[in-house]
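Scroll down for the structure; my scribbles are underneath it.
The values are calculated or read from the model by the stated rules, or taken from the named source; none is laboratory data. Computed from a predicted structure; not experimentally measured. When we count neighbours, we look across all protein chains shown, and the Cβ atoms used for this are built from the backbone with ideal geometry, even at glycine. Surface areas here come from the heavy atoms of the whole protein model, side chains and all, with no ligands, DNA or RNA. Shrake-Rupley method; radii C 1.70, N 1.55, O 1.52, S 1.80 Å.
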Amino acid sequence: MNFLFLFIDGVGLGENDPSTNPFAGATLPTIQKLLRNHDLTIESAPFVGEIASLLAIDANLNVDGLPQSATGQAVILTGKNIPANIGYHYGPKPNPEVAEFLKKGNMFCALEGMGSQTGLLNAYPPAYFEAIKNGRRLYSAIPLAVNSAGLVFKNDFDLINGQAISADFTGQGWREHLGYSDMPVISPYEAGKRLAQLSIELDFAFFEYWLSDYVGHHQDFTQANQLLITLDQVINGLIDNWNHSEGLILITSDHGNMEDLSTRRHTNNPVPAIIIGELNNRQQFADSLHDLTDIYPAIMRYFRPAHAVK
Ligand SMILES: [Zn+2]
């Protein structure tokens, strides 16, 4: 029983309008295969196909303003409506109030407590840990949760040895921005295959992709299209190498952004939940998903042995 949580920051389900939404009308063969020739827009949800289901889930949670990353991710990781609790959406990185929720308990702690092996597949450079240690950098919500659970982060050695995934999937960013001129660069398809392989070694694997939110803030159609082509190839490598009868993949987000390039801000659109796996598993998982708070309990139910469900 494997579960891969592929987290894509800042992707909502937008209108089917190619003038503002890069998902509308883009040629993305894998996503279109999963959604039986539909685009990843609001018009396509809900959908149940042979390999995948798509739901639209609410990220606003009845709180004024636009959803933000720290609170959105913390909701996903705890199942608690943190924006309602503190009275506002907050981001990009957790303030002390949001951090407190994550430190008290989160998805990684809970699954580890149930005896499941969990891990974050992202690789971080030594400079990242250095900056955290000397206070120049704050953890974002996902690594904060991982750290609170006492899990070990993957590093540059893991990436070189094929035991981790680069934030940009291919490793090119390590060459261009981090000074690793000899970092192996892999194709997006290979990165997807590696996501599958590393997930199979764990019960619950998580990967965080944030470039989608970055591109959304920059309102750059060319970058957005390139990113979607990469993402589509990653998903292709992933599903080609995934054991569909044994495990589930959840691809979801914390808030909208990249699906509406008419604004550089986040959006109030629902976010997609793409669930990939065997039909019964998939539908059982999907049935309870309506907003971001529902993800955590759905994952707990997936891992709890049937006789222990109360
Ligand atoms: Zn953002």
Practice task
Of the conditions (1) buried (at least 17 other Cβ atoms within 10 Å of the Cβ); (2) more than 16 Å from the ligand (Cβ to nearest atom); (3) closer than 20 Å to Asp291 by Cβ, Pro46 clears all except one; give me its number.
Solution key: (1)
Fill in the blank from the handout: Among residues of the range 124-142 being open to solvent by less than 50 Å² (accessible area, probe 1.4 Å) and more than 16 Å from Leu4 (Cα to Cα), the residue farthest from the chain's Cα centre (by Cα) is Ala131
Exercise for the section: Can you work out which of the residues in the range 1-26 that are modelled with pLDDT under 95 and assigned to a loop (DSSP other than H, G, I, E, B) is least open to solvent (accessible area, probe 1.4 Å)? Expected result: Ala26
Practice task
Could you look through the range 234-264, keep only residues that are among the aliphatic types (A, V, I, L, M) and either open to solvent by 10 Å² or more (accessible area, probe 1.4 Å) or more than 19 Å from the chain's Cα centre (by Cα) (or both), and pick out the one that is nearest to the ligand (Cβ to nearest atom)?
Solution key: Leu261
Exercise for the section: Test Gly10 against the criterion of being within 16 Å of the ligand (Cβ to nearest atom), touching a Ser or Thr at 6+ places or on another chain (Cβ under 9 Å) and more than 23 Å from Leu195 (Cβ to Cβ), and give yes or no. Expected result: no
Exercise for the section: Would you point out the residue of the range 201-215, among those that are more than 16 Å from the ligand (Cβ to nearest atom) and among the aromatic types (Phe, Trp, Tyr), that is farthest from the chain's Cα centre (by Cα)? Expected result: Phe204
Exercise for the section: Considering every residue within the range 17-37, establish whether at least one is within 16 Å of the ligand (Cβ to nearest atom) and under 17 Å from the mean Cα position of the chain (by Cα). Expected result: no
Exercise for the section: For the range 86-102, state whether one or more residues are over 21 Å from Glu190 (Cβ atoms) and among the β-branched types (Val, Ile, Thr). Expected result: yes
Exercise for the section: Would you point out the residue of the range 201-233, among those that are in contact with a helix residue (DSSP H, G or I) (Cβ under 7 Å, 6 or more places away or on another chain) and of a type in the set (S, T, N, Q), that is least open to solvent (accessible area, probe 1.4 Å)? Expected result: Ser212
Practice task
Return the pairs, sorted by first residue and then second, in which the second residue is within 10 Å of the ligand (Cβ to nearest atom), the first residue lies in the range 243-259 and is part of a strand (DSSP E or B), the beta carbons are less than 9 Å apart, and the residues are 6+ apart or on different chains.
Solution key: Gly256/Gly10; Gly256/Leu66; Gly256/Pro67; Gly256/Gly216; Gly256/His266
Fill in the blank from the handout: Considering residues that are in a loop (DSSP other than H, G, I, E, B) and away from the ligand (no atom under 16 Å from the Cβ), the number found within the range 55-113 is 10
Handout entry: Count of residues meeting criterion [open to solvent by less than 60 Å² (accessible area, probe 1.4 Å) and part of a helix (DSSP H, G or I)] in the range 184-200
Key = 8
